[in-house]
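Note sheet for the following structure.
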Amino acid sequence: MEVHHHSHHPKSWKEYVQEFLMLFFAVFLGFMAEYYLEYRAERHKEHDYLVSMKEDLKADLGEMDSKEFRMGEMINAANKLNEIIFKPTWNEADIDSIYLNSLIMVSRVYNIDFSSGTIDQLRNAGGFRLIQNEEIVRKISEYEKGKVTMMVQLEQLLERGANVHRIQNALLQTTVFSTKETIGKVGYDKVGLDKIKKQTGSAFLSTDKNAFHEYANTTGTMKGYISYYVLMSKTQQQKAKELIKLLEEELEH
């Protein structure tokens, strides 16, 4: 019985090249597919970050506008106190005005509470590398620096506010200031002050005009710090608007 042996012809160099190219392209296409999927995932993350950042900035604009209104009330109150306190004599309307405007100086919430959710995520997750538009990254950096600068100013402002509060406690019958049901709302009890005046002979704890002049100077100093804080807020609002515009242009692409 004759046995037939299959003969194996040696591969030519062209076949080796062909097999190498097929293997190379298979690996290359797999790598490219993985890279593309990763790229698309990062672009989705970038999109989500940009949308979230835009919403935070819009919230900041509303917050700054609201607090600027409160600070405007405080500036007007400080001006009114300065005008009345330096008058030679005070009538009943002046006394009421001193109390009402003093109340405004210590009852308004003026510290701007910036949104930090998105920026915290970007920092903690290293998300800044995902943002391809370098102008947006630069604007975000400028905006964050502005927030830090405003925080320093706020600390100085809070210190001046504490001084105003301290002097008020030495001059005014603060028991006539009463909190209301709404958080942050404080009322002035005119009837209660009239009773105190009948009992003590004075609407104030002191009749020393120099002490009141110090009070006017202190509220005036606080007004200066508030005014500068307002200017910083307006600059920050402009930065926010410019950044929002950039974000919207990027999201349209």
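By a straight-distance test (C-alpha under 25 Å), which lysines pair with Lys139 as possible cross-link partners, with residues fewer than eight away in the same chain excluded?
Those lysines meeting the cut-off are Lys45, Lys54, Lys58, Lys67, Lys147, Lys234, Lys239, Lys241, Lys245.
Find me the longest stretch of the chain that has none of the exposed GluC sites (Glu not before Pro), where exposed means in a DSSP loop (not H, G, I, E or B) with at most 15 other Cβ atoms within 10 Å. Could the numbers behind the result be given before it?
Values: sites that count: Glu2, Glu181.
After excluding every exposed loop site, the longest remaining stretch is 3-180.
Rounded to the nearest percent, how much of the accessible area of the chain (1.4 Å probe, protein heavy atoms only) is carbon and sulfur?
Details: 8920 of 16020 Å².
The nonpolar share, carbon plus sulfur, comes to 56 percent.
If you take the Cα atoms of the stretch 194-238, find Rg, then find the Kirkwood Rh from the mean of 1/r over all pairs, what is Rg/Rh?
Numbers: Rg = 17.7 Å, Rh = 13.2 Å.
Ratio of gyration radius to Kirkwood radius for the stretch 194-238: 1.34.
Using Cα positions and a limit of under 15 Å, work out the aspartates and glutamates in reach of Lys197, with same-chain residues fewer than 8 apart set aside.
Those aspartates and glutamates meeting the cut-off are Glu92, Asp94, Asp96, Asp189.
Determine how many Å³ per residue the convex hull of the Cα atoms of the chain encloses.
In the chain, the Cα hull volume divided by residue count equals 203 Å³.
Skip the ligands, DNA and RNA, and give the accessible area per residue of the chain with a 1.4 Å probe, whole Å². Present the calculation step by step, with values, prior to reporting the outcome.
Working: 16020 Å² over 253 residues.
It amounts to 63 Å² per residue over the chain.
Can you give the relative contact order of the chain as a percent, counting alpha carbon pairs under 8 Å and 6+ residues apart?
Values: 196 pairs, mean separation 72.5, N = 253.
Computed value for the chain: 29 percent relative contact order.
Mind putting a number on the dipole of the chain about its Cα centre? Charges go on the C-beta only, +1 for Lys and Arg and -1 for Asp and Glu, and I need it in Debye to the nearest 20. Show your work: numbers first, answer last.
On the way: 32 positive and 37 negative charges, 250 e Å.
With Lys and Arg at +1 and Asp and Glu at -1, about 1200 debye.
With +1 on the Cβ of every Lys and Arg and -1 on the Cβ of every Asp and Glu, and nothing else charged, how large is the dipole of the stretch 145-253 about its Cα centre, in debye rounded to the nearest 20? Can you show the working numbers first?
On the way: 16 positive and 12 negative charges, 107 e Å.
I would put it at about 520 debye.
Rounded if a/c is under 1.5, else prolate if a/b is larger than b/c, else oblate: which is the stretch 110-253, with a ≥ b ≥ c the root eigenvalues of its Cα gyration tensor? Walk me through the numbers on the way to the answer.
Values: a/c = 3.93, a/b = 2.82, b/c = 1.39.
Note, shape of the stretch 110-253 comes out prolate.
Rounded, prolate or oblate: pick one for the stretch 96-157, where a ≥ b ≥ c are the square roots of the eigenvalues of its C-alpha gyration tensor, a/c under 1.5 means rounded, and failing that, prolate if a/b is larger than b/c, else oblate.
Values: a/c = 4.28, a/b = 3.37, b/c = 1.27.
Judged from the Cα gyration tensor, the stretch 96-157 comes out prolate (a/c at least 1.5, a/b above b/c).
Would you compute, from DSSP H runs of 4+ residues alone, the mean residue ellipticity of the chain at 222 nm, taking -39500 (n - 2.57) per run and dividing by the full residue count, rounded to the nearest 500? Display every interim value, and only then the final one.
Working: 6 runs with 190 residues, N = 253.
After summing the helix terms and dividing by the residues of the chain, the value is -27500 deg cm²/dmol.
The values are calculated or read from the model by the stated rules, or taken from the named source; none is laboratory data. This is a predicted model, so every value here is computed, not measured. Please note: Cβ atoms are built from the backbone with ideal geometry, for glycine as well, and neighbour counts cover all protein chains shown. Please note that ligands, DNA and RNA were not included when accessible areas were found on the heavy atoms of the full protein model with its side chains. Shrake-Rupley method; radii C 1.70, N 1.55, O 1.52, S 1.80 Å.
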